[in-house]
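A.B. asks: Got a structure for you, written out below as structure tokens; questions coming shortly.
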Amino acid sequence: MPLSATRLKHRFTVEYPINASPKILYPYLASASGLSHWFCQDVRIEGGRYNFIWDNQPHYAEMASHRTNRSVRFVFLDENKRHATDANYLDFLLEESQLTQEVYLRIVDYSEETDTVELQEMWDSLIQKLREQVGG
């Protein structure tokens, strides 16, 4: 029997308190210029698609949904820039505690990466860069 071309996916969720308002944070999560400050080497918008560049390699995604100052979802495309079944995606969700007024960024990273320690370290490092950008 041939091996299946699909690889098992892993949903990694992590949440960080960020000392900045959703209005300040949202552009860093939803715009190419904001994302390029902390998330990857560069981000370009090409034909309505986001091209995330890591290690000089392009990774195309579409913004599948967004709610201003609340959330954004990027769904990654296959190597032919087409939609794939069970595609990798990335959710950024901003939540504000009504009780404490703290703002939290929840990240859902759905991909083939299964090493939770490596994912935690990667996101910790990225969020540190984001905090430096927003002063929080």
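No value in this document is a laboratory result; all are computed from the given coordinates. This structure is a prediction, so every number in the text was calculated from the model and none was measured. Note that each Cβ is placed from the backbone with ideal geometry, even for glycine, and that neighbours are counted across all protein chains shown.
A.B. asks: Any idea what angle helix 116-134 forms with the longest principal axis of the chain, computed on alpha-carbon atoms, 0 to 90 degrees, nearest 10?
C.D. replies: Helix 116-134 sits at roughly 40 degrees to that axis.
A.B. asks: Near the amide H of Asn88, under 5 Å away, which other amide H atoms are found, from residues 5 or more places off or on another chain, if H is placed in the peptide plane?
C.D. replies: Amide H to amide H, under 5 Å and 5 or more residues apart or across chains, Asn88 pairs with Phe76.
A.B. asks: Counting other C-beta atoms within 10 Å, and keeping those with at most 16, which DSSP coil GluC sites (Glu not before Pro) do you find in region 1-107? Could the numbers behind the result be given before it?
C.D. replies: Values: sites: Glu15, Glu46, Glu62, Glu79, Glu95, Glu96, Glu102; in loops: Glu79, Glu102.
Answer by residue number: Glu79, Glu102.
A.B. asks: Right, next: Under a Cβ-Cβ cut-off of 10 Å, what is the net charge of the residues other than Val14 that fall near it, where Lys and Arg count +1 and Asp and Glu count -1? Mind dumping the intermediate values first?
C.D. replies: On the way: positive: Arg106; negative: Glu15, Asp109, Asp124.
Once all neighbours under 10 Å are counted, the net charge is -2.
A.B. asks: Given contacts defined as C-alpha pairs under 8 Å and at least six residues apart, what's the relative contact order of the chain, whole-number percent?
C.D. replies: On the way: 236 pairs, mean separation 40.6, N = 136.
Relative contact order comes out at 30 percent.
A.B. asks: By the scheme Lys and Arg +1, Asp and Glu -1, what is the net charge of all other residues having a beta-carbon under 12 Å from that of Tyr28?
C.D. replies: Overall, the nearby charge balance is +2.
A.B. asks: Let me ask another. Taking amide H positions as placed 1.01 Å from N in the peptide plane, with prolines and chain starts having none, which residues 5 or more places from Ala20, or on another chain, fall under 5 Å of its amide H?
C.D. replies: Val103
A.B. asks: Shifting gears a bit: Which of the trypsin sites (Lys or Arg not before Pro) found in region 20-105 are in a DSSP loop and have at most 10 neighbouring Cβ atoms, other than their own, within 10 Å? Intermediate results must be reported in sequence, preceding the final value.
C.D. replies: Working: sites: Lys23, Arg44, Arg49, Arg67, Arg70, Arg73, Lys81, Arg82; in loops: Arg70, Lys81, Arg82.
Of the trypsin sites (Lys or Arg not before Pro), the ones in loops of region 20-105 whose Cβ has at most 10 other Cβ atoms within 10 Å are Arg82.
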